[in-house]
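Notes follow once the structure below has been shown.
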């Protein structure tokens, strides 16, 4: 039996559920397009906005989630570059980022700026 719910075989969907649950607990509002086929190419998986009157109120975060071996599409790389050029906070998260606590630190604001 695998005691690590985010082991090497975790799906992107499972990772997303974990991230969204934590984000909700920390006061974020989130958006995820349920059918990305209708979205513009390069749309990232999650758009998170801090809730007013919480420690995360001033944050807008764009996230692309990938499985352990998942790769970015060219349109995603372009969108990430645009968002960063506009001063936006953008991350690419994988299961190992959940396991090592990086995602929790970033969402809680307890990380070093990149």
The chain - mean residue ellipticity at 222 nm from DSSP helices (-39,500 (n - 2.57) per run, n ≥ 4, rounded to 500) | -9500 deg cm²/dmol
Between residue 34 and residue 60, what FRET efficiency comes out of the Förster formula 1/(1 + (r/R0)^6) with R0 = 22 Å and r the beta carbon distance, rounded to 0.05?
-> 0.60
Scoring the chain by relative contact order with C-alpha pairs under 8 Å, at least six apart, yields a percentage of 27
Using a Gaussian network for the chain with springs between C-alpha atoms less than 10 Å apart, which of these wobbles most: 57, 85, 104?
-> 85
Read through the labelled values (1) 116; (2) 104; (3) 133 and report the label of the one computed as volume of the Cα convex hull per residue in Å³ from the structure.
-> (1)
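How do 31, 47 rank when sorted from fewest to most other Cβ atoms within 10 Å of their own Cβ?
Lowest to highest Cβ neighbour count: 31, 47.
We did not get these values from a lab; they are worked out from the coordinates using the rules stated. Values in this document were obtained by computation on a predicted structure and should not be read as measured data. Ideal geometry is used to build each Cβ from the backbone, glycine not excepted, and the neighbour counts take in all protein chains shown.
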